[in-house]
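The values are calculated or read from the model by the stated rules, or taken from the named source; none is laboratory data. This is a predicted model, so every value here is computed, not measured. Glycine gets a Cβ as well: all are built from the backbone with ideal geometry, and neighbour counts include every protein chain shown.
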Ligand SMILES: Cc1cc2nc3c(=O)[nH]c(=O)nc-3n(C[C@H](O)[C@H](O)[C@H](O)COP(=O)(O)OP(=O)(O)OC[C@H]3O[C@@H](n4cnc5c(N)ncnc54)[C@H](O)[C@@H]3O)c2cc1C
């Protein structure tokens, strides 16, 4: 029998990110993957700003960027009747290099990292190669989870290797990061709710080495072709030589012809693969059952419009990871693991909704299509104008949703100290920096040019801001007396105090705010107990703070 602390099922991006964070925290994990290799087909291609902040914390952001789309490539989005025609709409989005320069030039609480285009078939092997260097993590490909049973002290799982060997694995906890058809979720009997099987599309991967340099309307990442009824959608992959095409084609062979027509210019290309994929807007009723958890696509399935699939799953992994580590280290209280579902399921539901809204917008501009869309006539021009007008509004629900990506807040979490009032709008697509308890700590540049995110350790951080003399009272001692790691950090300078709007801040290992105030909390022991999961918000009698 193999023994481990955490059994992670599935080496997609979410299972790999979970293994990476747990491994860096020294937790013993076994990561099993039924396939023999990482994914070969294209799927996701955009890590959003929050995922890149997380990868920076994990020390791999620049490795991801080195492997992804070159930093100077723009991320523009176009609507046109073919790749050879002028744009009907051109939405410019900065390259990583330009976006980083903008972030460096501002200290207004905007996220620390911009997005990164990296194809899933590049990201997964990269993450795997990094995870495999961690001494506490074992990675086993060609090993499929078949069943599991939990008892009071752990989980016993059965797995089958690609050679047909049966393995028994004993773990303290099991996390199913095993994708949309999750064995773990199904065996737990947890239903998915929402809209399943909305439509099935074909996706083809092309090698078209000369296209990137030859697009008259300009270089970008998304090209929507305004030609119905299939509306080909062409997406740049990280090499700039590979492209995916999405279309509701009736056969694999048709995909090559659709691509040729969408190009509108004579260019050599090779179709490397075609696969079908189905759109869903679904979220699981539960994310956990005792010692078993689900994360990523196992827990929520979105339409990729808006890029909220893997990115939401990375958020799940990073919420669960430190809580598992805390409980295994002995200082995490019982509310910590219970809070995983309470924090992440509302975000799953919210992101499913946002992705649905993004998809509806795409349907809206497509409805304005008329067969004359490519005609060089006044009527054709009118069709293009109306499609473009709608596109210009609706496409922004896909590409301008930083508030959804980085502005999520754990409302009503049992391990966040509650503050009276409603707090900022949790569904605002615009990102507005806030330290309202439950929110992710906004990025600020410190006086020495470093980022506060880089200064915070892997435990709790108690920040005193702007040279304030505010006395945190017994809060530090109360946190430490639970056994939890805590750093007390002086943060001088006006900018952090202005952006954070308070003198004292208690931040968790995943950089979400637990408590804030201008003077010591009235009941430091209670705040510490809530923060570390030894008491819940519900048990707390004191819901007002000194705030
Ligand atoms: C066309 C397309 C474009 C997309 N674009 C984006 C994007 O730009 N941004 C974004 O964030 N998301 C995007 N997504 C969604 C993204 O691909 C998924 O959300 C992401 O792959 C989910 O990661 P995961 O690790 O949860 O699951 P998966 O990637 O599905 O990985 C699950 C793994 O578990 C393994 N597994 C399953 N069952 C078992 C078992 N019993 N035992 C062992 N192993 C098992 C599987 O083999 C698989 O490797 C896109 C998806 C599609 C289809």
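Residues checked against (1) farther than 26 Å from residue 302 by Cβ; (2) in a loop (DSSP other than H, G, I, E, B); (3) touching a helix residue (DSSP H, G or I) at 6+ places or on another chain (Cβ under 6 Å):
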residue: 403; (1), (2), (3): no, no, no
residue: 411; (1), (2), (3): no, yes, no
residue: 416; (1), (2), (3): no, yes, no
residue: 421; (1), (2), (3): yes, yes, no
residue: 430; (1), (2), (3): no, yes, yes
residue: 449; (1), (2), (3): yes, yes, no
residue: 454; (1), (2), (3): yes, no, no
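Scanning the range 9-36 for residues that are more than 18 Å from the chain's Cα centre (by Cα), closer than 24 Å to residue 148 by Cα and more than 7 Å from the ligand (Cβ to nearest atom) returns 23, 27, 28, 29, 30, 31, 36.
Looking across the range 187-196, just one residue is under 23 Å from the mean Cα position of the chain (by Cα) and within 14 Å of the ligand (Cβ to nearest atom), and that is 192. Taking into account only those residues within the range 173-195 that are in contact with a strand residue (DSSP E or B) (Cβ under 8 Å, 6 or more places away or on another chain) and over 23 Å from residue 314 (Cβ atoms), which is surrounded by the fewest Cβ atoms within 10 Å (Cβ to Cβ)? So, considering only residues that are in contact with a strand residue (DSSP E or B) (Cβ under 8 Å, 6 or more places away or on another chain) and over 23 Å from residue 314 (Cβ atoms), the one surrounded by the fewest Cβ atoms within 10 Å (Cβ to Cβ) is 191. Tell me, which residue of the range 509-523 that is surrounded by 19 or more Cβ atoms within 10 Å (Cβ to Cβ) and touching a helix residue (DSSP H, G or I) at 6+ places or on another chain (Cβ under 7 Å) is modelled with the lowest pLDDT? The residue in question is 521.
Just one of the listed residues (50, 57, 71, 46) is away from the ligand (no atom under 16 Å from the Cβ), in contact (Cβ under 8 Å) with a residue 24 or more places away in the chain and under 17 Å from the mean Cα position of the chain (by Cα), namely 57. Scanning the range 287-298 for residues that are in a loop (DSSP other than H, G, I, E, B) and touching a helix residue (DSSP H, G or I) at 6+ places or on another chain (Cβ under 6 Å) gives 287, 295. (1) under 17 Å from residue 196 (Cβ atoms); (2) more than 14 Å from the ligand (Cβ to nearest atom): which one isn't true of residue 345, the others all being true? Among (1) under 17 Å from residue 196 (Cβ atoms); (2) more than 14 Å from the ligand (Cβ to nearest atom), the lone unmet condition for residue 345 is (1). You will find that of 516, 497, 464, the residue that is part of a helix (DSSP H, G or I) and farther than 21 Å from residue 57 by Cα is 497 and no other.
If you check residue 427 against the conditions, is it surrounded by fewer than 21 Cβ atoms within 10 Å (Cβ to Cβ), closer than 25 Å to residue 308 by Cα and in contact (Cβ under 8 Å) with a residue 24 or more places away in the chain? Yes; evaluated as a whole, the condition is true for this residue.
Of the residues making up the range 156-170, those that are surrounded by 12 or more Cβ atoms within 10 Å (Cβ to Cβ) and within 14 Å of the ligand (Cβ to nearest atom) are 157, 158, 159, 160, 161, 162, 167, 169. Counting residues in the range 104-115 that are away from the ligand (no atom under 16 Å from the Cβ) and part of a helix (DSSP H, G or I) gives one or more. Each residue in the range 240-257 was checked for being without any contact (Cβ under 8 Å) to a residue 60 or more places away in the chain and within 16 Å of the ligand (Cβ to nearest atom), and 8 pass. Every condition in (1) surrounded by 23 or more Cβ atoms within 10 Å (Cβ to Cβ); (2) over 23 Å from residue 235 (Cβ atoms) holds for residue 45 except the one numbered (2). Within the range 129-152, the set of residues being more than 16 Å from the ligand (Cβ to nearest atom) and assigned to a strand (DSSP E or B) comprises just one member, 150. Where strands (runs of 3 or more DSSP E) fall wholly inside the range 1-98, the ranges with 1 or more residues that are within 21 Å of residue 224 (Cα to Cα) are 77-80, 89-91.
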